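The values are calculated or read from the model by the stated rules, or taken from the named source; none is laboratory data. The structure presented is a predicted model; accordingly, all values stated were derived computationally and were not measured. Backbone-built Cβ (ideal geometry, glycine too); neighbour counts: all protein chains shown. What goes into the accessible areas is simple: the full protein's heavy atoms, side chains included, and nothing from ligands, DNA or RNA. Shrake-Rupley method; radii C 1.70, N 1.55, O 1.52, S 1.80 Å.
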Amino acid sequence: MEAVIERASPNRDADLASLTRLREELNTALRGKADVIELVLACLLAKGHLLLEDLPGLGKTTLAKALAHAVGGCYSRLQCTPDLMPSDITGFNLLNQKTREFEFSQGPVFTDVLLADEINRATPRAQSALFEAMSERQVTIDRVRHTLPPTFFVIATQNPVESHGAYPLPEAQLDRFAMRLSIGYPDAENELAMLRDDATGAAAARQHTAVLEPERLAALQESALCTEISEKVQRYLVTLAKATRENERVMLGLSPRGLLTWQRVAQARAFLAGRTYVTPDDVQDVAGPVLRVRLAGDFADVDSYVDELLAATPAPLYD
């Protein structure tokens, strides 16, 4: 058994209060999806990016807009189509006829929250334009680097049932996402409340509120990634990763980058729970969303394999 001593942080109360306000704002925008909101926040605090795979009309755009407003940041939407060019994403240099000098015109990637809608409809060439932005929060145009906001967050969507004219995302790009989620349909009571709000005009009158500033979000992200994780839990993560690489049913095991992402998301999960340390439960809680985006193999679905993986791998115990 490993005893963990929880160390108090002078900013902890303020951090928890900020997270509570952020949760409340997002849960107001996306009714009845508290579990999804919690995972979205974990992805955001881990400095990751999110892939939403779901049917149209379930709230993906609503979530992205509400998140951008809640963190006091800028929001951009990129509608991905086969004729989309890389410069349509990153921006380009334009000749100023008066000064006879080139000036850089920023693309939609220069924002805090970018919604890349139907990302799998863009060609691989256009999709690759997001690689550098997602990995390093910068883009390079004509050998000049342009820095993106430190809180830059991509929410990409794809429709799982309509593949005509779509380009499957390459494994290298999938590995840039921290997790893959589905919102799913709301329950009957929340759909009824949605209808009432629409009929009375309450939905149109509702204004999204900024509960944070981008600088405050950046501070929360740093605090989340400072969440203590013991060597026992890290060994547990390594054992799980190794198991994916040695299983004949898995075509491509978890990469070291994926393992680092898993640890960061687990740290963010613990931080959201108000703890200063990571437990094996945190690792298990985010295993599905993290592995869902980066594992493929001979199994019905990734979630069933993840359940088997966690059941077959003993977790370290805590007092």
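Observations, loosely collected:
- Of all residues in region 8-33, those that are in a helix (DSSP H, G or I) and within 16 Å of the chain's Cα centre (by Cα) total 3.
- Residue under evaluation N96, criteria (1) modelled with pLDDT of 95 or more; (2) open to solvent by 30 Å² or more (accessible area, probe 1.4 Å), criterion not met: (1)
- Scope region 64-77; condition assigned to a helix (DSSP H, G or I) and either open to solvent by 20 Å² or more (accessible area, probe 1.4 Å) or more than 19 Å from V109 (Cβ to Cβ) (or both); matching residues: K65, A66, H69, A70
Rundown of residues vs (1) over 21 Å from E222 (Cβ atoms); (2) in contact (Cβ under 8 Å) with a residue 24 or more places away in the chain; (3) outside any loop (DSSP other than H, G, I, E, B); (4) of a type outside the set (G, A, S), yes/no style:
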| position | (1), (2), (3), (4) |
| --- | --- |
| L254 | yes, yes, no, yes |
| R257 | no, yes, yes, yes |
| A268 | no, yes, yes, no |
| G274 | no, yes, no, no |
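- The listed residue being in a helix (DSSP H, G or I), open to solvent by 40 Å² or more (accessible area, probe 1.4 Å) and under 19 Å from A166 (Cα atoms), out of D88, D83: D88
- If you filter region 197-218 down to residues that are at pLDDT 90 or above and either of a type in the set (D, E, K, R) or outside any loop (DSSP other than H, G, I, E, B) (or both), you find that the one that is least open to solvent (accessible area, probe 1.4 Å) is L217.
- Which listed residue, of S87, S76, is touching a residue at least 12 places away in the same chain (Cβ under 8 Å), touching a strand residue (DSSP E or B) at 6+ places or on another chain (Cβ under 6 Å) and at negative phi: S76
- Residues that are over 17 Å from the mean Cα position of the chain (by Cα), surrounded by 20 or more Cβ atoms within 10 Å (Cβ to Cβ) and assigned to a strand (DSSP E or B), drawn from region 103-157: V139
- Test set (1) out of contact with any Gly (no Cβ under 8 Å at 6 or more places or on another chain); (2) touching a residue at least 24 places away in the same chain (Cβ under 8 Å); (3) not small (G, A, S) - D301 fails condition number: (2)
- For region 281-305, the tally of residues that are at pLDDT below 95, of a type in the set (D, E, K, R) and open to solvent by 30 Å² or more (accessible area, probe 1.4 Å) stands at 4.
- Residues of region 34-63 that turn out to be assigned to a loop (DSSP other than H, G, I, E, B) and modelled with pLDDT of 95 or more, as a count: 4
- Verdict on T239 being touching a Gly at 6+ places or on another chain (Cβ under 6 Å) and in a helix (DSSP H, G or I): no
- Complete set of residues in region 221-280 that are among the hydrophobic types (A, V, I, L, M, F, W, C), open to solvent by less than 10 Å² (accessible area, probe 1.4 Å) and closer than 30 Å to D298 by Cβ: V233, L237, L240, A241, L254, W262, V265, A266
- Residue satisfying condition, being surrounded by 11 or more Cβ atoms within 10 Å (Cβ to Cβ), in a strand (DSSP E or B) and among the charged types (D, E, K, R), within set R176, R180: R180
- Checking R7 against (1) open to solvent by 60 Å² or more (accessible area, probe 1.4 Å); (2) modelled with pLDDT of 90 or more; (3) within 25 Å of F271 (Cβ to Cβ); (4) among the basic types (K, R), the condition it does not meet: (2)
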